[in-house]
Every structure is written in structure tokens, then in C-alpha cells.
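Right, one structure below, let's go through it.
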Amino acid sequence: MDPVRNPYAPGAGQRPPELAGRGRELDVFDVVLERIARGRPERSLMLTGLRGVGKTVLLNTLRSQAINRLWGSGKIEARPDQSLRRPIAAALHMAVRELAPRHRAPDRIDAFLGVLKAFALRAAPPGRGGAAPKLRDRWQPGIDVPASSGRADSGDIEIDLVELLTDAAAVASDVGTGVAVFIDEMQDLGAEDVSALCAACHELSQIGAPLIVVGAGLPHLPAVLSAAKSYSERLFRYQRIDRLDRIAADQALCAPAEREEVEYEQKALDLLYEKSGGYPYFVQAYGKATWDHAPRSPITAGDVRVAAPEAEAELAVGFFGSRFERATPAEREYMRAMASLSLVETEAGGAPRDDMDAAVPTAEIARALGRKPASLSPARDALIKKGLIYSGERGTVAFTVPHFGRYLRTQPA
């Protein structure tokens with residue numbers, strides 16, 4: 001097979017050649033956009049799921065839907081050590097720049113940009129003793145109008161964000177459209193920023209403003225939002241993004257191949273689904289390796305077996321190994337104990353499955369390591385902060401990366 005024509009694309013946030021199995025999510029978002037355009041109330045949207053299920057790809061696709069409807073849009077990626085103020089200011093600047101050419105009153109755009117600049121400049125922290133911030137902390141948002149005063153500049157992120165998003169929605173309303181803000185890795189926002197974002201979305205929904213937030217994050221994102229504001233459970237529409245079913249996984253493999261006049265034997269597809277578990281990233285990784293090793297069409301199960309070690313070696317280095325290397329020795333010990341306890345049984349008394357991992361009680365991990373649970377809290381908290389594990393329910397933890405337990409069980413201690 002010609003490697004130049006290989007259609008598969010395993011990569012972080014890289015759109016696959018065939019976005020299979022996500023039709024429902026795309027249809028739901030179309031309805032959300034249309035309802036808001038007609039002045040109907042709608043909730044902002046939160047996508048949750050493990051790493052490798054295609055949340056970022058889906059987030060980018062939803063943004064394309066908004067752009068196609070002439071909405072203003074901006075996207076940010078949350079970071080644990082970064083305040084929301086600067087990135088969301090940049091995202092809204094981008095969104096309003098998309099709307100500005102269709103606005104009949106340039107003064108209205110300039111007025112909003114003045115508010116936006118005032119909001120953004122509050123991000124520069126004062127120096128010691130109230131002095132001006134150091135040069136490395138000074139930041140200009142690239143807005144060619146003076147900062148306004150008295151709006152979105154109080155320094156309280158909750159007050160300021162409500163005012164800023166309300167003004168952005170008003171600009172969009174002037175041109176008969178809306179604004180969509182997309183936030184990836186949303187679980188990494190600080191508690192204060194999460195609270196402010198929930199408050200802003202609550203205010204916008206109450207007044208029917210044409211602005212929505214679309215977030216993507218790990219499975220514990222709903223718990224993060226709920227901890228910030230108790231009403232967040234009713235504030236957002238949650239969509240769990242999971243692995244592909246068999247039909248969608250076959251489509252993700254076969255549709256791009258057919259465009260290159262290449263076919264798969266049924267047994268090859270059976271084996272590819274078994275190897276990948278239906279996780280979109282793994283589907284692409286195994287598909288790419290299999291294509292490169294297959295001598296001709298149709299691709300056979302033998303081709304998959306020959307190519308699988310290469311795909312697994314690449315995943316071991318780039319997908320699993322890079323994450324494992326970020327952990328300290330104490331954190332690795334904690335994850336190894338998790339892996340040994342997380343095998344899922346197919347049924348009562350049945351053989352354990354090694355393609356997925358169950359949530360593990362933290363008390364069981366402590367017992368396996370011969371330690372008191374409290375002594376393991378630093379390792380657990382650090383792993384959660386690094387995005388390697390999450391706590392979906394109180395007293396339990398699970399891996400954020402599919403097949404990570406299986407990977408750890410194959411590694412020497």
C-alpha cells in the first residue's frame with residue numbers, strides 16, 4: 001500500500017478523515033444554534049469523556065458549525081496555572097472581529113472593545129507593595145481603542161465576566177446572530193474562574209442573550225462545575241463522548257479507504273475493533289499502521305496482526321509513555337496499584353477483560369500498598385492535577401486515558 005495515500009490521522013485534536021459516530025452531537029448543536037437564533041432559551045453545552053475519544057475534534061467541528069451560521073466564535077484551552085481573564089478576552093476579541101464587518105455602528109464595536117480592553121488589563125497583577133507590574137507581567141491585548149471605565153473592570157472576575165459576556169451578546173444581537181465561546185480542557189480552570197463562568201452563563205440564560213459556552217473536559221467536569229455552583233447541574237446540557245460502537249468504528253476505517261479504492265476483509269475489521277476498543281485515537285493509530293504494512297487490497301486480518309506491534313509501540317511512547325514519564329516515583333507506584341485492581345470482569349466469575357479499567361476505591365489502593373489512605377492523598381491529588389486520573393465518585397479514582405491500566409500491567413516494576 002502506498003504510504004503517501006494513507007488516509008488515517010492519529011494526532012492530538014487532529015480531525016480524522018471520517019468523523020464517524022458523532023452525528024447525534026452535531027445535530028443537537030444545530031438545534032441549539034437555531035433555537036438561539038429564533039430567540040428561544042437554550043443551555044450552554046458541556047462535552048465530557050476520557051482522553052482519546054475525540055472531544056477536541058468534536059469541539060472544533062462544533063465551532064465550524066457556528067462559523068458557518070455567521071456566529072462570532074473564539075476558542076481557548078484552559079491551563080491549571082493560568083487565569084481565565086486573558087484567554088477569554090482574546091477569544092471574545094476574535095469573536096467580535098468576526099462580527100464587526102456586518103455591524104452598522106462602528107461606535108458600538110469600539111465601545112465593546114473598550115470594555116474588553118479594560119477587562120483584559122485587570123489581568124496584570126500589581127507588583128510588590130502596589131507598584132506597577134514587572135515588565136514580564138505587562139500585557140497589552142492588541143486593541144486599538146482606549147480602555148473604558150466602570151464596566152467589567154472591578155477586579156472581581158465574577159462581576160466582570162457577567163458584564164463582559166452580556167455586552168458581547170448585545171453586539172451579536174445587533175447583527176442578528178450570536179457568539180459561541182469554546183473552552184477545551186475545562187476541568188483545568190481554577191475554582192474562582194469556574195464559579196464566574198457558571199454565574200455568567202446563568203445570567204445570560206435568564207435574559208435570553210445569544211451567547212453560549214461550549215466546554216470539553218474529562219469525566220469529572222460535571223463535579224467540578226457542581227462544586228462551584230450548585231445550580232450548574234441544571235445550567236448546562238451534558239453530553240458524554242464515549243468510544244465508537246462497531247458500526248461507527250468500521251465506518252471510520254472503511255470510508256477513507258474506499259475513497260482510495262481500498263477494502264477491508266471482515267475479519268480484519270473484527271480484529272481492528274478488538275485491538276482499538278473503539279476509541280477514535282486508537283482506531284486511527286491501528287488503521288495507519290495496518291495500511292502501511294498491508295501489501296495490497298483487500299486488507300486482511302494477517303495484515304492487522306503484523307502491524308499491531310508497531311501501532312502498540314507508537315502508542316506506548318507517544319500516548320502512554322509520555323504521560324507516565326510525567327509522574328513521580330510515588331505517583332507511579334499509586335498508578336501501578338490502581339492498574340492491578342482495575343481489571344473489569346466480563347461477568348460474575350468470568351475472565352477479566354484487559355481492554356478497559358474500572359474505577360478503584362482509594363481504600364483498596366491504600367490496602368494494596370500497605371499504607372494509610374491519608375498518606376497517599378498527595379500522590380492522588382497530584383495525579384488528578386496532572387490529568388492522569390480523575391475522581392468520578394467520592395472515594396474512587398479511575399484513569400483518564402483508556403487502556404492505561406493495560407499499559408501499566410505490561411511494564412516492568
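The values are calculated or read from the model by the stated rules, or taken from the named source; none is laboratory data. These numbers were taken from a predicted model, which means no experiment stands behind them. Reconstructed Cβ throughout: ideal geometry from the backbone, glycine too, with neighbour counts over all protein chains shown. We work out accessible area using only protein heavy atoms, side chains counted, and drop any ligands, DNA or RNA first. Shrake-Rupley method; radii C 1.70, N 1.55, O 1.52, S 1.80 Å.
Kindly provide the set of residues from the range 253-262 that are in a helix (DSSP H, G or I) and surrounded by 13 or more Cβ atoms within 10 Å (Cβ to Cβ), ordered by number. Selection gives 253, 254, 255, 256, 257, 258. Of everything in the range 134-158 that is at pLDDT below 90 and acidic (Asp, Glu), the residue that is surrounded by the fewest Cβ atoms within 10 Å (Cβ to Cβ) is 144. Annotation: residue 242 fulfils all but one of (1) modelled with pLDDT of 95 or more; (2) within 29 Å of residue 186 (Cβ to Cβ); the unmet one is (1). Screening residue 185 on (1) touching a residue at least 40 places away in the same chain (Cβ under 8 Å); (2) open to solvent by less than 20 Å² (accessible area, probe 1.4 Å) shows it passes everything except condition (2). Taking the range 294-307 as the range and being buried (at least 20 other Cβ atoms within 10 Å of the Cβ) and not in a loop (DSSP other than H, G, I, E, B) as the test, the residues that pass are 299, 303, 304, 307. Where strands (runs of 3 or more DSSP E) fall wholly inside the range 161-252, the ranges with 1 or more residues that are under 30 Å from residue 110 (Cα atoms) and in contact with a helix residue (DSSP H, G or I) (Cβ under 6 Å, 6 or more places away or on another chain) are 179-184, 211-217. Annotation note: Cβ proximity below 9 Å between a residue of the range 65-80 that is farther than 21 Å from residue 36 by Cβ and a residue that is aliphatic (A, V, I, L, M) (sequence gap 6+ or interchain) occurs for 77/183; 78/84; 78/183; 78/186; 78/189; 79/189; 80/189. The single condition among (1) modelled with pLDDT of 95 or more; (2) open to solvent by 10 Å² or more (accessible area, probe 1.4 Å); (3) within 22 Å of residue 22 (Cβ to Cβ) that residue 319 does not satisfy is (1).
Residues that are among the charged types (D, E, K, R) and touching a strand residue (DSSP E or B) at 6+ places or on another chain (Cβ under 6 Å): does the range 1-24 have at least one? No, the range 1-24 contains no residue that is among the charged types (D, E, K, R) and touching a strand residue (DSSP E or B) at 6+ places or on another chain (Cβ under 6 Å). The set of residues in the range 352-384 being over 18 Å from residue 279 (Cβ atoms), modelled with pLDDT under 90 and either surrounded by 18 or more Cβ atoms within 10 Å (Cβ to Cβ) or within 20 Å of the chain's Cα centre (by Cα) (or both) is empty.
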